[in-house]
Structure formats: C-alpha cells, structure tokens
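Trainee: Right, I'll just put the structure down here and ask away after.
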Amino acid sequence: MRSKIVAGNWKMNLSQSEAKQLCKEVNNMNIGSGIEVYIFPPMLYVSDCKSSSTVVKVGAQNAYPKDSGAYTGEVSMWQLKEAGIDAVLIGHSERREYFNEDHTLLKQKLDAALFHGVKPFFCCGEPLEIRQDGSFLKYVKNQLEESVFHLSANDFEKVVLAYEPIWAIGTGQTASTEQAEEMHAAIRSWVEEKYGNTIAENTSILYGGSCNPGNAQALFACENVDGGLIGGASLKAADFSVLVAEETWTILN
Ligand code: PGA
C-alpha cells in the first residue's frame, strides 16, 4: 500500500525563531493515523528542525549532486545524509525557472540522493501556456522520462512524485479534482508501463499548488492523489494542522 504524505515546503520564509516555533507546532499536531508528515525548511534551519523533530520527517529544499569540493554556496546530498536529513526536494518549478535547473542536473540530483539514501521528492508540472494548449500530459511525461525513468525499479520505489501545475503554485488557483486526478492517473499509468503494476500502485503521487484546508479533502479523496506538497498553507500552523488531521482523510478510509 502506498504512503499518504503531507509535506510542507516552507520555501525561503520564516526567521529562525519562527521556524523553531513552527517546527514545534507541527510536531505537536494531531496527525491522522498512517499519515506521514514532512517539513522542508530553509537550509539554514534544516538541522535544527531535524534535531527537534520527534514525529515529522525533515528534508532540504535542494542539494547538489557532487559529494564535496569547490562548489561555493552548495550543500551536497552526502552532507544531508551525514546530518541525518530524511529527504530532499528535486525539480521544484521555482528551481527549474529561477535557477535554470535542467533535466540533466535533476537526473544527477536524483541519482545522488538515491545513492546516499536521502528520499527524493521529485516535482513535475506544466506552465499555464502548456495547460492551455492542451499538451500538458505530454509535457509532464517528458519531464519524468528525462529525469526519472532511467532509474532501476529498486531505486524508483524510493521516490515520491509530486505533481505541481505551475499555474496553481502560490496563485490561489487550485487544479480542479478532475484536472488533478487526470494527471495523477496518467502519471501512475506511465509508472506502470515502465515499472509494472505493483510499483505503480505503491508510488505516492502528491498534489501541490494552492492546496489549503478548503480544498484538501476533495483533492486527497481523488483515487490517485496520495497527499500534498504544501507551500503557503504549510506556514500557518492552523492551516497545516487541518491538512494532516484524520478528518481531512477520513473519506478515504
Ligand atoms: P503553494 O506552493 O501551496 O503555495 O501553491 C506549493 C509548492 O510550491 O510546493
């Protein structure tokens, strides 16, 4: 059975004391049974959040594929592993757009994360013009083919996928349940073609993009949506606590 996951991507937000406070609050939340919760704080706070987390897992929003060396400003997957960090985001649209991360680099990051045993959350998703011209399934399939589908079945099983339509990120415009389910079902079918039915059924595919307490229950109830990668709503403890609560997931059980 695939894991149900709620992950908070804090992006480049919060002061040190705010991050500490929010981390504490998330660890004290009433988390529904069987739901795995991850937080992805800014790199500066990752270690502190990890040391003070008893319940939730802690990941980094980025890391570099080389283990060590003259890469000023970077932190490596190996260093994350050494520091006991659980997971890493790879392929977020903001990194693709603002930092020009291409398929090749994302592939290298994925390989390095898996090599060091840091759980990768691989993000994919189309921009608005691709949604509008109707080629969004092809676009997302290509993202997976370019950076993910080279993995062996054994490695792929450790990857969490997150579908985040760019037009829905931080815009307040969520994908409808039909749009989310269409893409998630398509992603699962491509995974099945590549890795077979068992692995496809066990792959967690999260939805991200303006997911909030008002729409999470309907999204999480979609057959192929296994949770959320949450930006804005993960910064407010009151909102995030709704997303991880049993009630938001009960219609699934
Ligand atoms: P959002 O961000 O929930 O603020 O739309 C999601 C994400 O970028 O992971």
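Trainee: Mind ordering 229-238, 13-22 by average Cβ neighbours within 10 Å, highest first?
Mentor: Highest to lowest by the protection proxy: 229-238, 13-22.
Trainee: Quick check on packing: order 62-72, 41-51, 119-129, 205-215 by the mean number of other C-beta atoms within 10 Å, highest mean leading.
Mentor: 205-215, 119-129, 41-51, 62-72
Trainee: Let me ask you something else. If you count only protein heavy atoms with a 1.4 Å probe, what accessible area per residue comes out for segment 4-249, rounded to a whole Å²?
Mentor: Computed with neighbouring chains in place, this is 43 Å² per residue.
Trainee: Go through 174-181, 4-11 and give me the packing order, highest mean Cβ count within 10 Å leading.
Mentor: 4-11, 174-181
Trainee: Within the chain, what whole-number % of the accessible surface is contributed by carbon and sulfur, with the 1.4 Å probe and all protein chains included in the calculation?
Mentor: In the chain, the share of accessible area belonging to carbon and sulfur is 49 percent.
Trainee: Oh, and also: If a/c stays under 1.5 just call it rounded; otherwise compare a/b with b/c (prolate if a/b is bigger, oblate if not). Do that for segment 1-46, with a ≥ b ≥ c from the square roots of the Cα gyration tensor eigenvalues.
Mentor: Note, shape of segment 1-46 comes out oblate.
Trainee: Hey, could you get me the Stokes-Einstein D for the chain, Kirkwood radius over alpha-carbon pairs, 37 °C and 0.692 mPa s, rounded to whole µm² s⁻¹?
Mentor: 182 µm²/s
The values are calculated or read from the model by the stated rules, or taken from the named source; none is laboratory data. Treat the numbers as computed from the prediction; the structure is a model and nothing was measured. Cβ atoms come from the backbone with ideal geometry, glycine included; neighbour counts cover every protein chain shown. Accessible surface is based on the protein model in full, side chains and every heavy atom, while ligands, DNA and RNA are left aside. Shrake-Rupley method; radii C 1.70, N 1.55, O 1.52, S 1.80 Å.
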